[in-house]
Amino acid sequence: MTNWNLIDETLANIRRSPGGFEMSDWARRTSCGTRMCFAGWAVVTAGEELRWNTAPSEDEFASAEYTTTGYTIEDRARTLLGITEDAADTIFYADITNSVEALEGLILNVLGDRPE
């Protein structure tokens, strides 16, 4: 069953973090800050930690593809959000701008309206 509470909390956290949303990586940390896609944000919003591959320096970045519990960010986000694999593929791999409004519209298009 779709976890609309986590979807709403995730979107709210993205809105509160200008510049912290980028759909091109699960999670990317540079000396200028951290950016995550919707799946990365969902995992972190749910209270899980990411496993970073390196510490960022001025010339490189750290990326994360797994949680500290060993799950991929993609699989863990899909489970936490309660969405199907097809829905996750459409949302997580969307070729959209880094706009929260575009993301929210895509989510509603893929998952349908929230139950009342």
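Computed quantities for the displayed model
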{"item": "Options Ile96, Ile83, Ile91: the member that is out of contact with any Pro (no Cβ under 8 Å at 6 or more places or on another chain), under 21 Å from Glu9 (Cα atoms), among the β-branched types (Val, Ile, Thr) and part of a helix (DSSP H, G or I)", "result": "Ile91"}
{"item": "Where Ile7 falls short, out of the listed (1) part of a strand (DSSP E or B); (2) modelled with pLDDT of 90 or more; (3) buried (at least 18 other Cβ atoms within 10 Å of the Cβ)", "result": "(1)"}
{"item": "Cβ-Cβ under 6 Å pairs, at least 6 apart or on other chains, region 90-116 side of a type in the set (Lys, Arg), far side assigned to a helix (DSSP H, G or I)", "result": "Arg114/Trp4"}
{"item": "Residue count for region 73-111, restricted to those that are aromatic (Phe, Trp, Tyr), surrounded by 14 or more Cβ atoms within 10 Å (Cβ to Cβ) and out of contact with any helix residue (DSSP H, G or I) (no Cβ under 6 Å at 6 or more places or on another chain)", "result": "0"}
{"item": "Residues located in region 21-48, provided they are buried (at least 16 other Cβ atoms within 10 Å of the Cβ), outside any strand (DSSP E or B) and of a type in the set (A, V, I, L, M, F, W, C)", "result": "Met23, Trp26, Cys37, Phe38, Ala39, Trp41, Ala42, Val43, Val44, Ala46"}
{"item": "Lone unmet requirement of (1) within 24 Å of Leu111 (Cβ to Cβ); (2) surrounded by fewer than 17 Cβ atoms within 10 Å (Cβ to Cβ) for Pro18", "result": "(1)"}
{"item": "Boolean, Ser63 is at negative phi and assigned to a loop (DSSP other than H, G, I, E, B)", "result": "no"}
{"item": "Number of positions in region 54-67 that are out of contact with any Pro (no Cβ under 7 Å at 6 or more places or on another chain) and modelled with pLDDT under 85", "result": "8"}
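The values are calculated or read from the model by the stated rules, or taken from the named source; none is laboratory data. These numbers come from a predicted model, not from an experiment. Because the Cβ atoms are built from the backbone with ideal geometry, glycine has one as well, and the counts that use them run over all protein chains shown.
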